[in-house]
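Here is the structure we will look at.
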Amino acid sequence: MMFNIVKNLNRLSWQSLSSGRDFIFNPKTIVENCPNKLSYRTIIAASFDSQRDDEVFMSRLSGKQSGIVILSMNRPKAANSLSRSMVRALNQSIYQLAKDDEIRVLIIRSAVPGVFCAGADLKERSTMHIKEIPLFVAKLRSVSTAIADFPHPTIAAIDGAALGGGLEYALATDIRVASLNAKMGLVETKLAIIPGAGGTQRLPRLIPINIAKELIFTGRIIDGSQAFQYGLVNYCVAQNETNDGAYLKAVSLAEEMLKNGPLALRWAKMAINRGSEVDINTGLAIEGACYAQLVNTKDRIEGLESFKEKRPPNYQGFSVLLFFSFGFSVL
C-alpha cells in the first residue's frame, strides 16, 4: 500500500493537484469544462457587498495582499441557505479557483452581515421529490469534499450563524476563525435526519469524539467562545462595529501565509491531509514524497539565497529547475 501511495504521488502533475483531485485514495473525474474565467474585483478588506445579485462571488485582494482570494456567499433574503442554485454556484466557483495560478490563500466568508450560512434551504427541500433528496445531499457533500481537497490553504471566516450544512462547509476548510457572537451547530437531528455534508466525519476528526457526539446528538448551538474551547475553531475574536471581526483576522492569517513559498504551502497541505488518513509509516513516506517535489524548485534556491543575503524572499511558485527522474512533470 505504501509503495502504491508514493508511486501515485510521484506521478501527480500540477494540473491534477490544482484541480482538487483526490488522486491517491479515491480517483474521480473532475469537471473538465469549467465556466469561462470568472472576473475578479479588488475590494477593501473590511467591506461587505450584499447589494450584488450573485449568490456567490469571488474577489481578489491587491497590493501586499495579492494572492488572497475571497469567496463570498450572498443570499441575504435567505440567510445564505443552501439552495440548488447556491450549491451549484459554490461548486463551480471552487473548481474554477482550483485552476487559478494566482491564488495562494482562499477565504470563505459571507457577504451578509450577521450570518455565515444557515444550512439547507428547507423551503426548497420541502418541494423536492423524495428521490431528489439523496442526490441533492450528495451534491452538498461533494462541495464539502471540493473545499477539503482545495490545493491551497483555506480559511473560513465565521462572523455569524453557521448551522447545518453551513458549518459542515466551514469544517472542510483548513482553518476556522469565528467571532465571539457567532453561532454554530449541526442541528440536523432536530429535523430527524443526520448531517449529510461531512459533519459526522469531520467534526469527530477535529474535536474529541465524545464532544462531537454530544453536539450532534443534542443539535446544540454553541457560540464562538465555546467553539474555541472545544478546538472547533482556531481563533475566537471580538466582533467589531462592521460585523467582520473574524474576516479581518482571517485576512491577517492569510497575509502571514503569503510570506512563505506557495509550492511549499500546497505540498505541506497535501502531506498533512493524506498523511492523517493512514498509519504513521505510510504518512512518513507521503511526507518524503511531498518533500521531494520541492527540492529542485527555484523557490527553494531563492529561500536559501534570501537567507544568506538577509533579505525577504521573492517566491514565484510555478517554476522548477529540472524535471524529476521518476517521471513527475510540472505543467
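The values are calculated or read from the model by the stated rules, or taken from the named source; none is laboratory data. Note that the structure is predicted; figures quoted are calculated from it, not measured. FYI the Cβ positions are ideal-geometry reconstructions off the backbone, even for glycines, and counts take in every protein chain you see.
Values as computed for the structure displayed
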| item | result |
| --- | --- |
| Leading residue by the ranking (nearest to Thr297 (Cα to Cα)) among those in the range 203-261 that are assigned to a strand (DSSP E or B) and β-branched (Val, Ile, Thr) | Val237 |
| Where a residue in the range 126-137 is assigned by TED's automatic domain parsing to the domain that holds Ile193 and its partner, wherever it lies, is not aliphatic (A, V, I, L, M), with Cβ under 8 Å and at least six apart | Met128/Phe136; Ile133/Arg125; Phe136/Arg84; Phe136/Arg125; Val137/Gly196 |
| The listed residue being at pLDDT 95 or above, surrounded by 17 or more Cβ atoms within 10 Å (Cβ to Cβ), in contact with a strand residue (DSSP E or B) (Cβ under 6 Å, 6 or more places away or on another chain) and of a type in the set (A, V, I, L, M, F, W, C), out of Ala285, Ala254 | Ala254 |
| Exclusive hit being at pLDDT 90 or above and in a loop (DSSP other than H, G, I, E, B), set Asp49, Asp53, Asp100 | Asp100 |
| Those residues of the range 172-182 which are in contact (Cβ under 8 Å) with a residue 40 or more places away in the chain and either touching a Gly at 6+ places or on another chain (Cβ under 7 Å) or surrounded by fewer than 22 Cβ atoms within 10 Å (Cβ to Cβ) (or both), in sequence order | Asp174, Ile175, Ala178, Ser179, Leu180, Asn181, Ala182 |
